[in-house]
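The structure appears right after this line, and notes come after that.
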Amino acid sequence: MLISSDELISQLRDTNVVVLDSRFYLSDHNKGRQLFLESHIPNARFVDLHTQLSSEETEETGRHPLPSIEDFIETVQLLGITQDSLVVVYDDMGGAIASRCWWMLNQLGVRACVLDGGITRWLQKGLPIESGEATSFSAVDKIKCDLTAFSLSVDEQDVIQNYELNQFCLLDARAEERFSGEVETIDPVAGHIPGAKNRPFSENLDSNGCFKSPKLLKEEFEALMENELPFVHYCGSGVTACHNVLALNIAGIEQNKVFVGSWSLWSKRMMRLVIQSQEDV
């Protein structure tokens, strides 16, 4: 699930290793690719969260809905990823974006891991970089996978039904001030989904921006568990929720389901209810 900079540098010449740069900024959708062109890990290829790891937002979705499985398989094909590939994904946010790609690739049966510490750690260690477009590579044949992939995605109706069925506990990966509703600069409503617990994804990292030890992560997540209910993860738009999924797996706890619509979809639901109540009056 994780690979260190030292491990990756020793494997960069392996033709089965595919390195993906997933840097993304909500305030500037072009910034990630621009930074990639300025400098990136040798042989890396750029993957865009907004257009390749997500489909277009609608009134019925959150900010970063999953693409169709067919579209994602085509993206994987165009990135030159085969069934034999080991995909290493990195960003500059401690894995906040890379973990979404990791989560999606794993559901296709593709071996994938996240570069611990990302390009930030890579640069701190003085490891080589290159600039410009990605090194030439060719699209490959479609990987063979079960087309029921993305089965780990939970929808809005599942969350609603859970209030009666009580099958899982929601875990919110946003910062505490957004969870509490003290700050909200993105979505139309502040707060969190009723009954959810908070585990900011940043708490999965140590002071160096790398993941904490499996032992420590396990202790911290187990302290949040109650009644042995599994977690379903969410955040603002189903991206950083995957960071908590990754951290749990590092800790040896396989609880991989994500409410991809997350707060950006739930807040739309709340707005619809407000509008409906006003119309009823």
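Observations on the structure shown:
- All positions within the stretch 167-193 that are open to solvent by 70 Å² or more (accessible area, probe 1.4 Å) and modelled with pLDDT of 95 or more: GLN167, GLU176, GLU177, GLU182
- Evaluating CYS101 against the criteria (1) crowded, with 22+ Cβ neighbours inside 10 Å; (2) in contact with a helix residue (DSSP H, G or I) (Cβ under 8 Å, 6 or more places away or on another chain); (3) touching a residue at least 40 places away in the same chain (Cβ under 8 Å) leaves one unmet condition, (2).
- In summary, ASP141 fulfils each of the numbered conditions (1) over 28 Å from LEU37 (Cβ atoms); (2) acidic (Asp, Glu); (3) open to solvent by less than 90 Å² (accessible area, probe 1.4 Å) with the single exception of condition (3).
- ALA98 vs. criteria within 21 Å of LYS257 (Cβ to Cβ), touching a strand residue (DSSP E or B) at 6+ places or on another chain (Cβ under 7 Å) and not charged (D, E, K, R): yes
- The stretch 12-26 - residue that is charged (D, E, K, R) and touching a Leu at 6+ places or on another chain (Cβ under 8 Å) and, of those, nearest to LEU115 (Cα to Cα): ARG23
- Residue, surrounded by the most Cβ atoms within 10 Å (Cβ to Cβ), within the stretch 145-166, restricted to residues that are under 25 Å from ALA247 (Cβ atoms) and charged (D, E, K, R): GLU156
- Within the stretch 226-238, residues that are at pLDDT below 95 have Cβ atoms under 9 Å from residues that are surrounded by 14 or more Cβ atoms within 10 Å (Cβ to Cβ) in these pairs: GLU226/CYS169; GLU226/LYS197; ASN227/CYS169; LEU229/PHE168; LEU229/CYS169, counting only partners at least 6 apart in sequence or on another chain.
- The combined condition, being within 17 Å of PHE168 (Cα to Cα) and either of a type in the set (Asp, Glu) or part of a helix (DSSP H, G or I) (or both), is fulfilled by GLU254.
- Test: GLY261 is modelled with pLDDT of 95 or more, under 18 Å from the mean Cα position of the chain (by Cα), open to solvent by 20 Å² or more (accessible area, probe 1.4 Å) and closer than 24 Å to LEU53 by Cβ: no
- Of all residues in the stretch 112-127, those that are touching a Ser or Thr at 6+ places or on another chain (Cβ under 7 Å) and open to solvent by 60 Å² or more (accessible area, probe 1.4 Å) total 2.
- When each of GLU7, GLU56, GLU60 is tested for being at pLDDT below 95, open to solvent by 70 Å² or more (accessible area, probe 1.4 Å) and over 19 Å from SER136 (Cβ atoms), the lone residue that passes is GLU60.
- Hits in the stretch 10-37 - residues which are hydrophobic (A, V, I, L, M, F, W, C), open to solvent by less than 60 Å² (accessible area, probe 1.4 Å) and out of contact with any helix residue (DSSP H, G or I) (no Cβ under 6 Å at 6 or more places or on another chain): LEU12, VAL17, VAL18, VAL19, LEU20, LEU35, PHE36, LEU37
The values are calculated or read from the model by the stated rules, or taken from the named source; none is laboratory data. Note that the structure is predicted; figures quoted are calculated from it, not measured. Here Cβ is always computed from backbone atoms with ideal geometry, including for glycine, and neighbour counts include all displayed protein chains. Surface areas here come from the heavy atoms of the whole protein model, side chains and all, with no ligands, DNA or RNA. Shrake-Rupley method; radii C 1.70, N 1.55, O 1.52, S 1.80 Å.
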